[in-house]
Each structure stands twice: as structure tokens, then as C-alpha cells.
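Engineer: Pasting a structure here, questions to come.
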Amino acid sequence: MGLDILSASGDFDDRWLSDGPKAVVPVPAGSVVDDALVRRALDGCRAAGAGDVLVAAGGAWLPVAAADLAGLAPSVVLAAPDGQGAVLFARPGFALVAGTRRFLAGAVPEGVDGGRARFARYALRAAGRWPELPALAGSLPPPHTAWARAEDVPSGTGTARQLELVRDFVTGSVGGTDFARGWLAAHRASRDDGERLRDPLLTALDQVFLLLEDYSIEPEFREPDDLTDQELRNAVRAVVLERGEAF
């Protein structure tokens, strides 16, 4: 089975990365493949719809049992059979996880931003043992800063769409069902794209999310204690008033 994942130099092939496209996230590692790396590979494959993990061996890609992965020394590449993602463990101290959004949702559940930020902190702590880590972290910075207020949020992002829907909902421009469906879709897009928030915006949007848990999008399935459209609108408006510095 041929997978054109690596370049001649042993790095991820640029053409493979551009097909998807795929993002790259550095993650902590030790001197051999550990349980954390195995779990990332397995969870990435499952999220992408693949049950097996392939490992490069002797110029071929072979399926391998999870129990046989732990303890392998670098250089090791663990990949999804359809090429949606891979874990490259080329040297001790770190591994590179690359993949489509679906693969990374399982392999890097903390998101691209969260994973890269976490690695930067790890790189500083581990620099005494592996001095190359801070430079690697600097070459792969988080693509988004952590936004604190509406004015910080770039247009076209999932977070921007969430804020737009909040404004439209509290002014009556959209109804409860359209607001709930659109807001939750934008919330998923924000999460999948690795967008990062911090207070006060983080708490404000978390409060909106919790309100939607008490609202039924489908009226026929609405329970007696679920929020009505007007109750939801009033509650979201209260969040906006309480957290005005965020909006």
C-alpha cells in the first residue's frame, strides 16, 4: 500500500500536506513511542473513519496492532490507511501530528491552537534535555491568538458568526430555532478550527452554550421545562447585558 506522506528528507511531504489541507501540530514525546502517541494515532484514525493504523516498515506500509506500537524507537511513522493523517516520530523529545480536520479532531483533541500552545510550554521545560524544541515550537506557533472581546475576533471565523447570531437574536432578527442551529454549527466550526478564547468572551459564550442545552430546537420534542423562544431570547439578552465588556 503506497502512501506518499514523507519527502526524501524524511519530513512531511508538502504535496501531501496541501491535500486536504492538513495542519501540523508538534506534541511531546519521550525516547520511544509511548501510550500517548499510540492513542493519538488510534484516535485520529477512528475519527477519520479508519480502524487500522499503518506503520512504515521496510519500504512498505503495514497494519500493526496497538499493543505492538508502544516501545518502538524513532524513526517511526504511524498513518491512517487513507492518508488523512499521520504521526511522525523522527527524533526523541517530540512528534509531529499532521492531518485533516477529521483526523486532528481525534489525534489532537485540544485543537491546533491548543496543541501548539501546549507544546510551546513543554518545549521551555524540556529544553535542557532537548535544546532544539524551543526553535521547533517557534516555527509552529498557534495560528490564532486567544480572543477576549468581540473587537478582537476576525471576521469569517466561527466565533465571529456566534457573536453575529447573538446580536441578531437579541434584536429579534432571527428566531430561536434558526439561532440555535446556526450558533451550534458556528460553535463546532470554531472548535474544529482551533479558535481560542479567554475571559470575558470565553465565559460569555459558555453561558450561551449552557442556555442552549435547555432549549429544544425541534418544537415537537420540547419538554415542559425547556426554554421557550422568548425565554431563551430573554436569557441570552441577560448574558449580553451582564457580560457587556465581551460583546
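Engineer: If you check Ala98, Ala70, Ala105, Ala50, which single one turns out to be in a strand (DSSP E or B) and either in contact (Cβ under 8 Å) with a residue 24 or more places away in the chain or at positive phi (or both)? Quick ask: steps written out before the conclusion?
Structural biologist: Values: Ala70 fails: in a strand (DSSP E or B); Ala105 fails: in a strand (DSSP E or B); Ala50 fails: in a strand (DSSP E or B).
The unique qualifying residue is Ala98.
Engineer: Go through region 210-247 and count every residue that is open to solvent by 80 Å² or more (accessible area, probe 1.4 Å), assigned to a loop (DSSP other than H, G, I, E, B) and under 20 Å from Val153 (Cβ atoms).
Structural biologist: Going through region 210-247 one residue at a time, the tally reaches 1.
Engineer: Here's a follow-up. Considering only region 39-54, how many residues are touching a Leu at 6+ places or on another chain (Cβ under 6 Å) and either more than 12 Å from Val97 (Cβ to Cβ) or open to solvent by 60 Å² or more (accessible area, probe 1.4 Å) (or both)? Reasoning before the result, please.
Structural biologist: Initial filter on region 39-54 (touching a Leu at 6+ places or on another chain (Cβ under 6 Å)): 41, 53.
Within this subset, residues satisfying the condition of being either more than 12 Å from Val97 (Cβ to Cβ) or open to solvent by 60 Å² or more (accessible area, probe 1.4 Å) (or both) are 53.
Result for region 39-54: 1.
Yes/no per residue for (1) among the polar types (S, T, N, Q); (2) part of a loop (DSSP other than H, G, I, E, B):
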position	(1), (2)
Arg116	no, no
Arg121	no, no
Trp130	no, yes
Pro143	no, yes
Thr159	yes, no
Leu165	no, no
Leu184	no, no
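Engineer: Okay, next question. Tally the residues that are open to solvent by 30 Å² or more (accessible area, probe 1.4 Å) and under 22 Å from the mean Cα position of the chain (by Cα), restricting the search to region 135-163.
Structural biologist: 15
Engineer: Moving on. Scan Val33, Val27, Val55 and give me the residue that is closer than 29 Å to Ala126 by Cα, modelled with pLDDT under 90 and among the aliphatic types (A, V, I, L, M). Before the answer, list the steps.
Structural biologist: Working: Val33 fails: modelled with pLDDT under 90; Val27 fails: modelled with pLDDT under 90.
Result: Val55 is the single residue among Val33, Val27, Val55 that is closer than 29 Å to Ala126 by Cα, modelled with pLDDT under 90 and among the aliphatic types (A, V, I, L, M).
Engineer: Against the condition within 30 Å of Gly99 (Cβ to Cβ), crowded, with 17+ Cβ neighbours inside 10 Å, in contact with a strand residue (DSSP E or B) (Cβ under 7 Å, 6 or more places away or on another chain) and not β-branched (Val, Ile, Thr), how does Leu197 come out, does it pass? Spell out the reasoning first.
Structural biologist: Details: within 30 Å of Gly99 (Cβ to Cβ): yes; crowded, with 17+ Cβ neighbours inside 10 Å: yes; in contact with a strand residue (DSSP E or B) (Cβ under 7 Å, 6 or more places away or on another chain): yes; not β-branched (Val, Ile, Thr): yes.
It is true that Leu197 is within 30 Å of Gly99 (Cβ to Cβ), crowded, with 17+ Cβ neighbours inside 10 Å, in contact with a strand residue (DSSP E or B) (Cβ under 7 Å, 6 or more places away or on another chain) and not β-branched (Val, Ile, Thr).
The values are calculated or read from the model by the stated rules, or taken from the named source; none is laboratory data. Every value quoted in this text rests on a predicted model; they were computed, and no experiment measured them. Here Cβ is always computed from backbone atoms with ideal geometry, including for glycine, and neighbour counts include all displayed protein chains. The accessibility values were calculated without ligands, DNA or RNA, using every heavy atom of the protein model including side chains. Shrake-Rupley method; radii C 1.70, N 1.55, O 1.52, S 1.80 Å.
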